[in-house]
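The values are calculated or read from the model by the stated rules, or taken from the named source; none is laboratory data. Given the structure is predicted, the values throughout are model-derived calculations rather than measurements. Note that each Cβ is placed from the backbone with ideal geometry, even for glycine, and that neighbours are counted across all protein chains shown. Heads up: the accessible areas ignore ligands, DNA and RNA and are worked out on the full protein's heavy atoms, side chains in. Shrake-Rupley method; radii C 1.70, N 1.55, O 1.52, S 1.80 Å.
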Amino acid sequence: MNRSNRVTPSSTVRKTRVTRTKVKVGAQAKKSINRNLQLAQENRRLKRRIESLKKINARHLKRAKESAIAQAEMLQRDTVGDSFNQLEHRDESLINLFVAATRLHADLDRTGVLTAIREILSDVVGCRAMAILELDRASCALAPVDCVNVETGMLTNLALGAGPIGKVAQTGAAYFGTADDHNPIACIPLKVTDQITGVIAVFGLLEQKLELRTGDRELLEWLSPQAGLALHRATIQTAWRAANGVDG
Amino acid sequence: MTVRKILLVDDSETVLLMEKMILKRDVYELVTAKNGKEGIEKARQLKPDLILMDVVMPEMNGFEAVRQLREGAATHSIPIVMVTTQAEADSMEAGYESGCNDYVTKPINSTELLTKVRNILGV
């Protein structure tokens with residue numbers, strides 16, 4: 001009997017086939033299970049990662065919020081601080097104005113008014129060197145009537161239009177410049193209504209006063225008609241008293 | 001509540017008026033004197049809680065007035081703030097040597113003056 005003639009019972013064949021299939025299916029299932037296990041593990045890892053990132057994100061958001069709040073508070077403080085500074089400056093300007101006005105109009109005596117103008121310039125504005133000049137209409141020339149730390153020689157008989165002082169007396173417009181040896185840093189016309197009666201010239205500031213600020217310029221410009229009128233009135237009053245033999 | 005008394009010593013009416021306007025923000029009794037000599041007399045008489053003293057004045061300057069106040073039994077402990085136009089170091093040194101407690105320079109800054117006065121008086 002040769003092998004080709006051997007007959008394998010069909011049940012055995014079937015069993016073998018089933019077994020082989022079972023083995024095949026088992027291997028595949030095992031592969032699939034392993035794969036699923038790996039995926040589940042990866043899933044868990046990714047979930048943990050997501051949670052961690054969420055926490056980090058939440059911390060960042062919290063910091064960003066706190067930073068925004070702090071910035072807003074700082075901005076508000078700066079704004080309030082700026083407003084407070086502005087109010088302080090305004091308050092100081094008002095005090096200066098009140099003091100200047102009270103002093104200018106407290107005296108009917110010409111000497112007293114000149115003293116008041118001098119004190120306003122030195123004590124309120126901070127001027128170290130200054131001159132008050134009056135205009136002689138007949139000669140159209142300016143002459144100093146009061147000087148502090150300035151040589152009067154260079155200010156005598158100043159013609160209208162000559163230099164910054166003469167130009168201010170001619171035009172009636174205030175002058176603000178930089179100090180040098182001969183030119184003033186500020187010239188203010190003295191006015192009685194529209195008529196120019198003289199000039200206040202500032203030649204130097206106190207050492208601790210670096211420059212004329214906006215408030216100082218405003219006060220000097222305010223002084224222009226007020227000092228002019230006070231001096232004019234005091235001059236008339238003093239002359240009347242002298243003419244009528246009235247003391248004080 | 002005790003009202004603190006401040007003696008203002010200056011020959012400039014403008015400075016006296018300015019100091020009064022600034023100090024008006026708080027409640028003080030303000031007394032004035034026109035020179036160092038008058039300042040010493042009023043200090044001995046009224047025993048103020050603080051003196052604001054100008055430097056350049058007729059009859060007696062501020063430094064001399066401070067020295068004399070420091071020598072007086074009734075006035076030696078009164079705090080004194082010099083009010084000066086001179087910001088130079090020498091001038092300030094002279095002020096401290098004569099016995100002042102502090103100084104302010106002209107033109108007077110209202111905030112600076114008020115702060116120094118309040119600090120000295122403990123207000």
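Numbers for the structure displayed
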| item | result |
| --- | --- |
| Filter result for B:Gly72 (under 13 Å from the mean Cα position of the chain (by Cα) and not hydrophobic (A, V, I, L, M, F, W, C)) | no |
| Hits in segment B:20-51 (condition: within 25 Å of A:His105 (Cα to Cα) and more than 10 Å from chain A (Cβ to nearest Cβ)) | B:Leu23, B:Leu30, B:Val31, B:Thr32, B:Ala33, B:Lys34, B:Asn35 |
| Residue within segment A:76-89 that is within 14 Å of another protein chain (Cβ to nearest Cβ) and either surrounded by fewer than 10 Cβ atoms within 10 Å (Cβ to Cβ) or in contact (Cβ under 8 Å) with a residue 24 or more places away in the chain (or both) present | yes |
| Whichever residue in segment A:96-149 is more than 38 Å from the chain's Cα centre (by Cα) and open to solvent by 60 Å² or more (accessible area, probe 1.4 Å) and, among such residues, is modelled with the highest pLDDT | A:Thr111 |
| Candidate set from segment A:119-136 (those that are within 9 Å of another protein chain (Cβ to nearest Cβ) and in a helix (DSSP H, G or I)); member that is nearest to A:Gly228 (Cα to Cα) | A:Ile120 |
| Criterion violated by A:Gln170 - all others in (1) under 30 Å from A:Asp91 (Cα atoms); (2) among the polar types (S, T, N, Q); (3) not in a loop (DSSP other than H, G, I, E, B) satisfied | (1) |
| Conditions (1) open to solvent by 40 Å² or more (accessible area, probe 1.4 Å); (2) out of contact with any Leu (no Cβ under 7 Å at 6 or more places or on another chain): number failed by B:Lys20 | (2) |
| Candidate set: segment B:36-66, residues that are at pLDDT below 95 and in a loop (DSSP other than H, G, I, E, B); chosen: the one nearest to the chain's Cα centre (by Cα) | B:Val55 |
| Segment A:96-109 residues that are under 11 Å from A:Ile120 (Cα atoms) and facing chain B (nearest Cβ under 9 Å), paired with ones that are open to solvent by 50 Å² or more (accessible area, probe 1.4 Å) and acidic (Asp, Glu) (beta carbon under 8 Å, 6 or more apart) | A:Arg103/B:Glu13 |
| Hits in segment A:173-203 - residues which are open to solvent by less than 10 Å² (accessible area, probe 1.4 Å) and in a loop (DSSP other than H, G, I, E, B) | A:Pro184 |
| Every pair of residues 6+ apart whose Cβ atoms lie under 6 Å, when the first sits in segment A:226-248 and is within 24 Å of A:Leu133 (Cβ to Cβ) and of a type outside the set (Ser, Thr, Tyr) while the second is open to solvent by 50 Å² or more (accessible area, probe 1.4 Å) and assigned to a helix (DSSP H, G or I) | A:Ala234/A:Arg110 |
| Candidate set: segment B:69-104, residues that are open to solvent by 30 Å² or more (accessible area, probe 1.4 Å) and among the polar types (S, T, N, Q); chosen: the one farthest from the other protein chains (Cβ to nearest Cβ) | B:Ser77 |
| In segment B:112-123, the residues that are without any contact (Cβ under 8 Å) to a residue 40 or more places away in the chain and surrounded by 14 or more Cβ atoms within 10 Å (Cβ to Cβ) | B:Lys116 |
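Each row is one residue, and each column tells you yes or no for (1) touching a residue at least 60 places away in the same chain (Cβ under 8 Å); (2) more than 20 Å from A:Val99 (Cβ to Cβ).
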{"site": "B:Thr2", "(1), (2)": "no, yes"}
{"site": "B:Asp11", "(1), (2)": "no, no"}
{"site": "B:Leu16", "(1), (2)": "no, no"}
{"site": "B:Ile22", "(1), (2)": "yes, no"}
{"site": "B:Asp26", "(1), (2)": "yes, no"}
{"site": "B:Thr32", "(1), (2)": "no, no"}
